[in-house]
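A short write-up of the structure that comes next.
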Amino acid sequence: MNVRVRFAPSPTGYLHIGGARTALFNWLYARHTGGTFILRIEDTDTARNTQEATDVILHGLRWLGLDWDEGPATPDPKGASKGDCGPYFQSQRNDIYRKRIEELRDKGMAYEHEGAIKFKMGRDAVVIPDLVVGDVRRELTDREAVDPDFVIVRSDGQPVFHFVNVVDDLEMKITHVIRGEDHLTNTAKHIAMFRAFGVEAPKYAHIPLILNPDGTKMSKRDLGASLQTYVDEGFDPAAVVNYLSLLGWSPKENREKMPIEEIVQRFDLPQILRHNARFDMTKLQWLDGEYLRELPDDKFQTMAADAFRSAGVALDKFPASYVSAAIATCKGKVKRFSELPAYAGFYFADDVKIDPAVAATDFTLDNLARLKKFRDALDALSDFNASTIEQTIKATAKELGVKLGLLIHPTRLACTGSTSGPSLYHLMEVIGKPTVMKRLDSVLVAA
RNA sequence: GACCCUAUGGUCUAGCGGUUAGGACACCUCCCUUUCACGGAGGUAGCCCGGGUUCGAUUCCCGGUAGGGUCGCCA
């Protein structure tokens, strides 16, 4: 059987991290089985759904690298698409829904009620065969027992989610529905409709939800709920995908950090977990740091430059060789690109800002006297590079009979405005002798 | 209120009747080191509770409890 799975988001203006994870699991299953991954836009709420909102989804999936085999090519519902089961926007499929409604009415499975159309639901328990949690026997709730039938077309003529979802899965020949566990109990309704249409329901796999660190439901406003957060924060999409794949799924042999090819190869439905997972931003950041450290130099350079520019740093005022030398000293040091402006902004600033409190402890009279000696020794240097700087500072420290740290810390603070940063010797070489002298002097003069 | 799912350190998880309960993140200590980061060596910390079944339960069953989900003319 050729596997056909789909991701069917509603364009709400943002892509929820849980939605991204659902998309990922569907994509992984399609790639693992050699099946087809379909993107369908559930834009039945015409007032709220805009092309911009659809674009957010398209961009989000592309950023994650989740390419779809069938679905929209553009955010325009009437625009181009790929695949034979279109249109892939529900707003364009009204004729199909109308025919299916007629079919149900002809079969006596649907009827009009106060202007709306309702589906005739049985009263018996429905067994939902689920690939993740096993057979689930779903009884009617007390409210449903009063009236098990439910609306499938609103009185304004718009078909509702449960109905269009089933019709589209049927028409698009979906074989496996991989979706959030929040849909589990409603699956009874879906199965009943598939039966009413006289076809077999697809296989279901309800995956656990992603919760906040405190165990509550992750909603739009919660930290990290929107995929855009990770784009803005400069995360590596490969790291985000890797982390997401580990939420609710566990590969064998304690594998965690894996290339996407390995995730695809290992991913399968039986290993999906049954319990919800809490989102751990700290672990994502760790994983992202691992990816960042292993990034090829050229990619690191372009992504770092982007991070500086989007933070408003005018890199273009500096020679390309200077920019790339500056960025090179940050490789392997920062965990995220978003840290870069704070970490290495001193490379691109006219003056460094020094916290008065920190200055008070580091720029003591004794330290400044030593700093002056080091400054003069540097001044005499004709060849100003990391190696000669290191030799000079070590010689000065020896001459003064003090620990290296007593020279290094004030020097770093004067040159960068921070107590931590890239390798001091290399950073000094990059900013160059004139700037180093200027910054040291400004500290010495102020004292 | 009813119905459904779930339950291993703070977090993500391995485990599928007998284990010194394994790994990862985080945290702590030490080492390395020009700061930070990385790396290396250690460490603290866990099977929700109560009944069964069994020679033996983290593991199987039942009941609690707790968390999550659903019961819309939202998706």
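Bear in mind that the values in this text are calculations on the coordinates, not laboratory data. For clarity, every value in this text was computed on a predicted model and none was experimentally measured. Positions of Cβ are backbone-derived with ideal geometry, glycine not excepted, and every protein chain shown enters the neighbour counts.
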Rough spin-label spacing in nm, given labels placed 7 Å along Cα→Cβ, for residue A:151 and residue A:441
7.8
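Of A:333/A:433; A:107/A:173; A:299/A:333; A:118/A:189, which sit over 18 Å apart, Cα to Cα?
Pairs exceeding the cut-off: A:333/A:433; A:107/A:173.
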Residues whose modelled amide H sits under 5 Å from the amide H of residue A:203, counting only those 5 or more places away in sequence or on another chain, are A:176, A:177
If you count, for each residue, the other Cβ atoms within 10 Å and average over each peptide, how do A:162-171, A:316-325 line up from highest to lowest?
A:162-171, A:316-325
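Any chance you could run the full-extension gain for residue A:52 through residue A:253? It's 0.36 nm times the residue separation minus the Cα-Cα distance, nm to one decimal.
Difference between extended and current length: 68.1 nm.
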Fewest-first ordering of A:252, A:173, A:333, A:353 by Cβ atoms within 10 Å yields A:252, A:353, A:173, A:333
What is the order of A:89, A:300, A:161, fewest Cβ neighbours within 10 Å to most?
A:161, A:300, A:89
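Quick one: A:281, A:428, A:109, fewest Cβ neighbours within 10 Å first, how do they rank?
Sorted ascending by nearby Cβ count, the order is A:281, A:109, A:428.
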To the nearest 10 degrees, how steep is helix A:433-446 against the longest Cα principal axis of chain A, on a 0 to 90 scale?
80
Specify whether the C-alpha gyration tensor of the range A:119-246 places it in the rounded, prolate or oblate class, a ≥ b ≥ c being the square roots of the eigenvalues: rounded for a/c under 1.5, otherwise prolate if a/b is larger than b/c and oblate if not.
prolate
Once the Cα atoms of helix A:405-416 and of chain A are each reduced to a long axis, what angle between those two axes, in degrees from 0 to 90 to the nearest 10, is obtained?
60
Take the Cα of residue A:317, step 7 Å along the line toward its Cβ, and report every residue of the range A:345-367 whose backbone nitrogen sits under 15 Å from that point.
A:345-353
How high is the FRET efficiency from residue A:328 to residue A:281, r the C-beta distance, R0 41 Å, rounded to 0.05?
0.90
Rounded to whole Hz and in sequence order, give me ³J(HN,Hα) for the range A:261-267 from the Karplus expression 6.51 cos²θ - 1.76 cosθ + 1.60, θ = phi - 60°, writing x for Gly and Pro.
4, 6, 4, 4, 5, 7, 5
How far apart, in nm, are the 7 Å Cα→Cβ label points at residue A:377 and residue A:80?
6.6
Fraction of the pair-distance distribution of chain A above 39 Å, Cα-Cα pairs, percent
40
Multiply the residue separation of residue A:229 and residue A:271 by 0.36 nm, subtract the distance between their alpha-carbon atoms, and state the gained length in nm to one decimal.
12.3 nm
Step through the residues of the range A:220-228 one at a time and calculate ³J(HN,Hα) from phi using the Karplus curve (6.51 cos²θ - 1.76 cosθ + 1.60, θ = phi - 60°), rounding each to whole Hz and writing x for Gly and Pro.
2, 7, 6, 4, x, 6, 9, 4, 4
Residue separation times 0.36 nm, minus the C-alpha to C-alpha distance between residue A:114 and residue A:127: what's the value?
1.6 nm
Degrees between helix A:94-106 axis and first principal axis of chain A (Cα, 0 to 90, nearest 10)
30
